[in-house]
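Engineer: One structure, as structure tokens, below. Some questions next.
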Amino acid sequence: MNKNLLNRHFREEKIDLNELKQTIFKGYMWTSFFSEDYLINCRAECWKILLGYTPLEADKRNTKINNMRDNYLDLVNEFIFNPYSIEELEDHPLNNNENSTWVALMRDKNLTQQVGYDTMRLNFDVNLFNSETKFPLSSFARVRSFVYV
């Protein structure tokens, strides 16, 4: 019975956003249900519509999603380096030349690793980065001045 409310929204040519919100706020967002010929992941579809990721018109949804996927693949091809796509024998993993694609790959990996570390430091659930230290910075500076004098 409640599934029919959401099913009705997805059968329409254009979804009425206010009605969809009211249906969802009443607690009728099911994980999935069968439409006439396919399975709709209702929760995912509702979030895509609520966040403005997909249009309200049913005939434009697939086109927009396919365009966004193509755009994503273009960005991946533009920014992610595949070292095995190169056929030159002079450019190998042990090459130290600054113009080497392998050097660029290692820089990218190091940058990605550093971003991962910095992201962990911003995670407030990790107590290591949020608790006060036993030796504050001023104490560290005094100790450092004794060591280097």
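The values are calculated or read from the model by the stated rules, or taken from the named source; none is laboratory data. What you see is a predicted model, and the numbers here were worked out from it, not measured in a lab. Virtual Cβ from ideal backbone geometry, glycine too; neighbours counted across all protein chains shown.
Engineer: Considering only residues of the range 119-130 that are surrounded by 10 or more Cβ atoms within 10 Å (Cβ to Cβ) and within 19 Å of the chain's Cα centre (by Cα), which is modelled with the lowest pLDDT? First the steps, then the outcome.
Structural biologist: We begin by selecting, within the range 119-130, every residue surrounded by 10 or more Cβ atoms within 10 Å (Cβ to Cβ); these are 120-121, 123, 126, 129-130.
Pick out the ones that are also within 19 Å of the chain's Cα centre (by Cα) and you get 120-121, 123.
Details: 120: 74, 121: 72, 123: 67.
Checked the range 119-130; the qualifying residue modelled with the lowest pLDDT is 123.
Engineer: While we're looking at this one, here's another question. Quick check on the range 94-118: of everything there that is in contact with a helix residue (DSSP H, G or I) (Cβ under 8 Å, 6 or more places away or on another chain) and surrounded by 10 or more Cβ atoms within 10 Å (Cβ to Cβ), which residue is modelled with the lowest pLDDT?
Structural biologist: Residue satisfying both the conditions and the ranking: 95.
Engineer: In the range 10-31, what residues are surrounded by 13 or more Cβ atoms within 10 Å (Cβ to Cβ) and either modelled with pLDDT under 80 or not in a helix (DSSP H, G or I) (or both)?
Structural biologist: If the condition is that a residue be surrounded by 13 or more Cβ atoms within 10 Å (Cβ to Cβ) and either modelled with pLDDT under 80 or not in a helix (DSSP H, G or I) (or both), then 10, 12, 15, 28, 29, 30 are the ones that fit.
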